[in-house]
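Shown next, in structure tokens, is the structure this report addresses.
Derivation of every value follows stated rules applied to the coordinates shown; laboratory data play no part. For clarity, every value in this text was computed on a predicted model and none was experimentally measured. Virtual Cβ from ideal backbone geometry, glycine too; neighbours counted across all protein chains shown.
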Amino acid sequence: GLDRELVVGAEFLEAADLGRGLDQRQRGQHDLFAGRLQVPEHNGKRFPFPVFGNGIAATPSGKKLLLGNLNRGELYVVNTETGESELIDLGGERLFYADGIVLEGKTLYVAQNFFNQIAVVRLNEELTSGNIEGYITDLALYIPSTIDLFGSSLYAVNAKFDQAAPGGPPVPDLEFEV
């Protein structure tokens, strides 16, 4: 849960406890990308690129997949045998910018890249509903895109999409941290 040690690189970015709304820094991130990429909107919120299905984790049995929808802020459970999917009920909450996803038991960790946080979701037995227990925040998170567990630690890769935008020109000298 929320007591996991978070391991990220040493490069820091000004951050705040982001809660559920967009703070001034987040609005700045949106505006930064608005000038560089086509920015779709959803319910009045702008998103930096038209990605919808993003982030995937399999149950240990392989019978179900958990998927994130980056722009809609929704999570889905998919039956791998039938291909049918179902929206995971988060009690009206949304997890915008869901990127990397990792499942440990009934706890789902969801990297919310442009919010520089990792949501911790406790799922029910069927994986069809859950509650957001909280958010892991750290000044070292710099657009975390991929996460994974190793031992008692949660590792996050800082994507730095503000410096190397997806679909943009390569930035060969840019260093990344885990």
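Annotation for region 84-104 versus region 128-163: alpha-carbon center distance of 14 Å. The simple spin-label model puts a point 7 Å past each Cα toward its Cβ; for K106 and D148 those points are separated by 2.7 nm. Other residues with beta-carbon under 14 Å from the beta-carbon of V77 carry, at +1 per Lys or Arg and -1 per Asp or Glu, a net charge of -4.
Taking the average, over residues, of other Cβ atoms within 10 Å as the packing measure, peptides 151-163, 83-95, 107-119, 132-144 rank 107-119, 132-144, 151-163, 83-95 from highest down. Here region 104-178 is described by how far its Cα atoms reach on the three principal axes: 45, 25, 19 Å, from widest to narrowest. For region 90-119, the residues whose backbone nitrogen is under 20 Å from a point 7 Å from the Cα of T59, taken along Cα to Cβ, are 90-91, 101-110.
Put a dot 7 Å past the Cα of T80, heading toward its Cβ, do the same for E125, and the two dots end up 2.2 nm apart.
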